[in-house]
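Structure record follows, encoded as structure tokens.
Only the coordinates and a few stated rules stand behind these numbers; no lab work does. Quantities reported herein were computed from a predicted structural model and do not represent experimental measurements. No Cβ is skipped: glycine too gets one built from the backbone with ideal geometry, and neighbour counts run over all protein chains shown.
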Amino acid sequence: MDIQLKKGLLDAIVLAAVKKGDVYGYKLLQDVLTVIEVSESTLYPILRRLETQGCLQTYQQQHDGRLRKYYSITKSGELKLKEYRQQCLELANIINFIFQ
Amino acid sequence: MDRQNFMYELNKELYVLPRIEIKQALQYYEEYFDDCLENGKNEFEVITSLGTPSNVAAQIIAASNVKEVNRQQTFEDAQKQPTIKNYKRSIGAMISAPIVLPLKFVLYIVWFVLIIVGFSLLVSFGAVSLSTFISGVAILIASIPGAIFFGSLIFMIELLGTGLVLLGVGLLFYLITLGTFKGSIKISSKLFSCFGRRK
């Protein structure tokens, strides 16, 4: 897929994936990989950025004697996702038009 | 390259970021390694799928607004991490600041004074050399009509001698001026480079 388009969609995909339930880095990557091909090195910067923007928040939980960082969506993250969904609807119209 | 090497290299490549950002990223990738291994992958597979540490680091750095994060970090450092290192850093900064800053200020003043002194020396020496030179020439010129007016050869020779002496003194001061000019440029440039290194 086109890199620019992919970049724009990745934020939305990550937010949507986290909205389904709190999730840790590795699991999130697996979820994202089911819909889009992405390398691990692209996912962390996105997560970190969304976190500093206040769209995601994190907490740690014990797992097998080590800590795991879980991501959960915030109120502003949900608003952002709503925006993305609106934009994706427009995109869906465009896609329909292209395929007609 | 094994996991330890990868993390070490990644740490090194991230040096431009604030400490808290580096810590977060390293933690994330440590956890990622752990989770991958837990899910049956081996270190080598994980590393090949991640790419080179410098590539991983470049993506993290590109995505982070270094300046914005910096401000946040000092705040977080102060609030959340009152570690010994932080105390040491702040105490060191507090102690050295009142000494280093006035010291720098004094050095600048000294430099400024030196420039002014050099400049005034230059001007005065230049003026002395120019005036003696001009008066020497004037006396040399005046010696001929003076001798004719007074009708005395000895007087003319006296005037010629005085004029030549004045010319010599003027030349001497010209050389001194030149020397001062060159010297002051050298000293000020040296002092300036000294400041540059200090900064």
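In whole Hz, with x marking every Gly and Pro, tabulate ³J(HN,Hα) for segment B:146-153 from phi via Karplus 6.51 cos²θ - 1.76 cosθ + 1.60, θ = phi - 60°.
x, 5, 5, 5, 8, x, 10, 6
What GluC sites (Glu not before Pro) does segment A:10-100 have in DSSP loop regions with at most 13 other beta carbons within 10 Å?
On the way: sites: A:37, A:40, A:51, A:78, A:83, A:90; in loops: A:37.
In loop regions of segment A:10-100 (DSSP not H, G, I, E or B), the sparsely surrounded GluC sites (Glu not before Pro) are A:37.
Translational diffusion coefficient of the protein assembly as shown at 20 °C, 1.002 mPa s, Stokes-Einstein with Kirkwood Rh over Cα pairs, in µm²/s as a whole number. Could you put the intermediate results ahead of the total?
Values: Rh = 26.6 Å.
Diffusion coefficient, whole number: 80 µm²/s.
Pairs of lysines 8 or more apart, or on different chains, with alpha carbons under 16 Å: count those in chain A, would you?
So the count works out to 10.
Calculate how steeply helix A:75-99 sits against the longest principal axis of the alpha-carbon atoms of chain A, using the helix alpha-carbon long axis, and give the answer as 0 to 90 degrees to the nearest 10.
30 degrees
Once Rh is set to the Kirkwood radius over Cα pairs, what Stokes-Einstein translational diffusion coefficient, in µm²/s, holds for segment B:100-198 at a temperature of 37 °C and a viscosity of 0.692 mPa s? Please report the intermediate quantities before stating the final value.
Working: Rh = 16.2 Å.
Estimated via Stokes-Einstein, D reaches 203 µm²/s.
Can you pull the mean other chain C-beta count within 10 Å for peptide A:36-49? Show your work: numbers first, answer last.
Working: counts 0, 0, 0, 6, 10, 12, 3, 3, 10, 9, 2, 3, 8, 4.
The mean count of partner-chain Cβ atoms within 10 Å per residue comes to 5.
List the residues whose amide H sits under 5 Å from the amide H of residue A:70, counting only those 5 or more places along or on another chain, with H placed 1.01 Å from N in the peptide plane.
Correct list: A:59, A:60, A:61.
Starting from the eigenvalues of the Cα gyration tensor, five times each then square-rooted, give me the equivalent ellipsoid semi-axes of segment A:1-85, largest first, whole Å.
Details: eigenvalues 87, 50, 22 Å².
Semi-axes from the Cα gyration tensor: 21, 16, 10 Å.
Expressed as an acute angle from 0 to 90° and rounded to the nearest 10, what is the orientation of the C-alpha long axis of helix A:40-52 relative to the principal long axis of chain A?
80 degrees
Using a Förster distance of 51 angstrom, determine the FRET efficiency expected from the C-beta separation of residue B:12 and residue B:172, and round it to 0.05.
Details: r = 63 Å, r/R0 = 1.23.
Working from the Cβ atoms, E equals 0.20.
Can you pull out the trypsin sites (Lys or Arg not before Pro) in segment A:9-100 that DSSP calls coil and that have at most 14 other Cβ atoms within 10 Å?
In loop regions of segment A:9-100 (DSSP not H, G, I, E or B), the sparsely surrounded trypsin sites (Lys or Arg not before Pro) are A:20.
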